[in-house]
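In what follows, a structure is listed as structure tokens, so that the remarks can point back to it.
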Amino acid sequence: MGLWSPLLRIFSVIFGFVGFGLGITIGLTVGYYLFIYFQPCDVKDPDIRPLAEQDSDKLQRLLPEIPLWVKNPDYDRMDWLNKFIAQMWPYLDKAICKTAKDIAAPIIAEQIPKYKIDSVEFEKLTLGSLPPTFQGMKVYVTDEKELIMEPSLKWAGNPNIMIGVKAFGLKATAQDIFQVLDLQVFASPRITFKPLVPSFPCFANIYVSLMEKPHVDFGLKLLGADLMSIPGLYRFVQELIKDQVANMYLWPRTLEVPILDPTKALRKPVGILHVKVVRAMKLKKKDLLGASDPYVKLKLTEDKTPSKKTTVKHKNLNPEWNEEFNLTVRDPQTQTLEINVYDWEQVGKHDKMGLNAVPLKDLTPDEPKEFTLDLLKVIDPNDPQNEKSRGQVVVELTYKAFKEEDLGKDFEDEQQAPAGTPAGGGVLVVILHEAQDLEGKHHTNPYARVIFKGEEKKTKTIKKNRDPRWDEQFQFVLEEPPTNDKLHVEVYSTSARSLLHQKESLGYIDISLSDVVNNKRINEKYNLIDSKNGRILVELLWRAAPPKS
């Protein structure tokens, strides 16, 4: 047996190698033969079709994470914003967490005495390394002073939030640590910035509401144990959070975040400047026949309303007007009354005879003050061009501030006309905001003209602009509501360079005023008649006279 045992082991090794080699050879040969000469009969050629020909259900199965900007053309891509957030996320994480701690600290301090808790502290607070992403953004264009956005937000983050709670009970101190992990939030909020104002950041309030119930998923640990693994608790917590958030912020409910004081941001009226143009003295001759035809224009700085004008005094170098005007004041600390004296010309441009200005901060409220002002070439009194005498103008100014109880009113939307309006009548306010797609045959330097009951008012001219924006307001004091009347608005283009076509119409509209009397306010965009594509945005307000007491 001692001799045969090694021989048997040698033969077994040899036969093993021979069998392995023979098996490999036979297997390869048979496999090659089957692969070449036998084709499977139950395999069909794949059906290859463009994605555009697939139905929505199949697309959802093939591409479950299609961004909204692909599925819905109303949504815009937000790749640039996602890249920006990704770069800024480490810094945003720290800033957001610090703000959250600062906001939560006073709330916690107020609530913990009610539950006999000694302290509640954030042991750890970080939003993790994964930033939220925006799948798309929809922006709504309206004719109101607002900006509406609907982003689609997805955040599958890895935050680490640990809250330490210390409480006294039964003469013992217990410290329980709660930990929030693996937070997922899918939401479609509507963010509205309104009203838009001419002060940075250019909106007074932010309104946030949810267009549908959000999806919120997270893990919650207590002393290292996963609470969400308890049967039934996971779904209960999810539904509870969805319902609570929906009850507070599901549209039309909103979260309002004030940014600016609307009264200051909108620069609402805070008073009235009463101006009496008394007379002018020692004016210089401008006409060839040795005389001038002077008149005065008044305007407050930072005010878009048209200038107030006196009558023209023909051939008079010492005219007396004694004409009175009221100007709306929005900021007496920064606004200035500009006084310009012109020489009227029947043909061509009117010559400026001189100017001056009075800062409203120099006026004492409710105290009339008379100013005798030297007419200047330029507003800087130290400029050498002002050494030449150009005459003087005398004005009497009185600033009357509104009462404190009136400052909180919304003067833009006030429903009643000011005192002094004829009983049974009111004030029709016409605001010409803008026009679009204007096109003149020879030039496009548009201005708008408003005609109502024979009274005409017009905006400033904006040169070489097919989409002018005026934002000018006009008022018509009426003895009765204009229920059966129409307002005529026509857009013109004018050019001094074109001798044959100095003025041409770019389109017009006739607006029935019955709706504004009934609804108090209309803000609509109208298609201009006799215009190819022109439109104009007109806002109308009807302020009825206060009833007799």
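State the extension gain, in nm to one decimal, for the chain segment bounded by Val139 and Val312, taking 0.36 nm per residue of separation less the distance between their alpha-carbons.
Gain on extension, Val139 to Val312, equals 57.2 nm.
Tell me, what is the FRET efficiency for Lys349 and Asp217 to the nearest 0.05, using R0 = 56 angstrom and their Cβ-Cβ distance as r? Present the calculation step by step, with values, prior to reporting the outcome.
Numbers: r = 71 Å, r/R0 = 1.28.
After rounding to 0.05, the efficiency reads 0.20.
How far apart, in nm, are two points set 7 Å out from the Cα along the Cα-to-Cβ line at Tyr207 and at Glu239?
3.2
Once a ≥ b ≥ c are taken as the square roots of the eigenvalues of the Cα gyration tensor of the range 288-356, is the result rounded (a/c under 1.5), prolate (a/b larger than b/c) or oblate (a/b not larger than b/c)?
Taking the square roots of the gyration eigenvalues as a ≥ b ≥ c, the range 288-356 is prolate.
By how many nm would the segment from Ala401 to Ala156 lengthen if fully extended, with 0.36 nm per residue of separation less the alpha-carbon distance? Please report the intermediate quantities before stating the final value.
Numbers: separation 245, 0.36 × 245 = 88.20 nm, distance 5.56 nm.
The span from Ala401 to Ala156 would gain 82.6 nm if fully extended.
For every other residue with a beta carbon closer than 15 angstrom to the beta carbon of Asn484, add +1 if it is Lys or Arg and -1 if Asp or Glu, then tell me the sum.
-3
Residue separation times 0.36 nm, minus the C-alpha to C-alpha distance between Ser514 and Asn465: what's the value?
14.4 nm
How many nm is it between the label spots at Glu456 and Glu324, if each spot is 7 Å from the Cα in line with the beta carbon?
2.9
Taking a quarter of the surface of the Cα convex hull of the range 450-525, what do you get in nm²?
If you wrap the Cα atoms of the range 450-525 in a convex hull and average its projections, you get 6.2 nm².
Report the local net charge at Asn326: Lys and Arg +1, Asp and Glu -1, summed over other residues whose C-beta lies under 11 Å from its C-beta.
Summing Lys/Arg as +1 and Asp/Glu as -1 gives +2.
Ignoring ligands, DNA and RNA, what percent of the accessible area of the range 438-507 is carbon or sulfur (1.4 Å)?
43
Grab the other residues whose beta carbon is less than 10 angstrom from that of Ser389, score K and R as +1, D and E as -1, and report the net.
+2
Label Lys94 and Lys285 with points 7 Å out from Cα along Cα→Cβ: what is the distance between them in nm?
7.8
To check my understanding: the extent here is largest minus smallest coordinate of the Cα atoms along each principal axis. What are those three numbers for the range 494-538, in Å, largest first?
Ordered largest first, the range 494-538 gives principal extents of 46, 19, 13 Å.
Could you derive backbone 3J(HN,Hα) for the range 358-368 from the dihedral phi with the Karplus parameters 6.51, -1.76 and 1.60 (θ = phi - 60°), listing whole Hz in sequence and x where the residue is Gly or Pro?
Along the range 358-368, the couplings run 10, x, 5, 5, 7, 9, 8, x, 6, 10, x Hz.
The values are calculated or read from the model by the stated rules, or taken from the named source; none is laboratory data. On a predicted model such as this, the values are computed, not experimentally measured, just so you know. Every residue, glycine among them, receives a Cβ derived from its backbone with ideal geometry; neighbour counts consider all protein chains shown. Areas reflect the complete protein model, heavy atoms only, side chains present, ligands, DNA and RNA absent. Shrake-Rupley method; radii C 1.70, N 1.55, O 1.52, S 1.80 Å.
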